[in-house]
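The values are calculated or read from the model by the stated rules, or taken from the named source; none is laboratory data. Everything numeric here is computed off the predicted structure, so don't read it as measured data. Cβ placement follows ideal geometry from the backbone for every residue including glycine, while neighbour counts extend to all protein chains displayed.
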Amino acid sequence: MDGSTRERILRAAQELFAQHGYQQTSVRAIAERLGLTKTAVLYHFGTKAEILSALATPILDDLAAAVTPDPDPGSGSGDPEVVRWRTMERVLDTWIRHRHALRIMLRDITLFTKAPAYTRFVMLMSRANELVAGPAPSFADRVRAAQAVAMLSDPVIVLADAPEEDLRREVLAGARRLFAAEPPTATGTQGGAARRRGGRPPAMTAELVERARRLQSEGRLSMAEIAAELGVSRATLYRHLPSQN
């Protein structure tokens with residue numbers, strides 16, 4: 001009976017939080033929605049914040065599974081690209097599956113930061129960023145990973161009522177464009193060269209190409225590590241070393 005009542009409280013709270021916001025929804029309103037007393041609700045949840053944390057728990061459990069790499073060596077878990085896209089797909093699937101609860105959590109984010117579940121949320125999102133950035137990431141790789149992980153949730157929150165398959169397809173397509181994008185040309189936008197100055201060059205000199213080939217032939221470094229060593233993007237490196245797949 002208690003388990004059933006607890007679930008009913010959570011469902012009612014989620015509906016009311018979605019309609020009116022966490023701040024504007026009282027424990028009494030949740031109780032009245034269910035025909036219970038306020039005391040009965042507080043028997044199961046000591047505070048309203050505990051209700052919010054309980055709503056977050058299934059999301060965080062699924063997110064933890066999403067950022068746990070497959071232990072099977074045959075699953076491609078050793079390939080950074082496989083890990084990157086598998087992580088992004090699983091995180092996105094988690095957001096879509098829990099999109100209405102996610103909207104509540106992030107709608108009142110300043111309140112969620114005070115909940116005990118928030119520490120776990122930050123830790124799991126950090127792990128997602130690490131997996132998407134890949135091993136030995138450059139600063140640019142880390143920035144792009146943070147952009148990619150962040151862009152998984154916003155469309156799901158804003159377009160929570162969109163068809164799931166359409167949402168999933170378009171969000172992943174946007175992420176792929178992010179990773180495939182090349183640096184802007186100097187004539188692309190006014191001040192483009194100035195913004196790029198100090199970043200990684202879009203092309204390699206003959207000396208850099210020769211050095212890259214030497215590092216490649218030694219076999220000690222991965223392509224990501226060679227790119228970081230030379231201060232270029234992996235996309236640029238692949239253009240100059242086409243034999244690498």
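The table for this structure:
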{"item": "Condition check for Ala40: surrounded by 14 or more Cβ atoms within 10 Å (Cβ to Cβ) and not assigned by the TED database to the domain that holds Arg90", "result": "no"}
{"item": "Counted residues, segment 27-37 - those being surrounded by 14 or more Cβ atoms within 10 Å (Cβ to Cβ) and in a loop (DSSP other than H, G, I, E, B)", "result": "1"}
{"item": "Residues satisfying the stated conditions in segment 137-170, i.e. over 16 Å from the mean Cα position of the chain (by Cα) and in contact (Cβ under 8 Å) with a residue 40 or more places away in the chain", "result": "Pro137, Ser138, Ala140, Ala160, Glu164"}
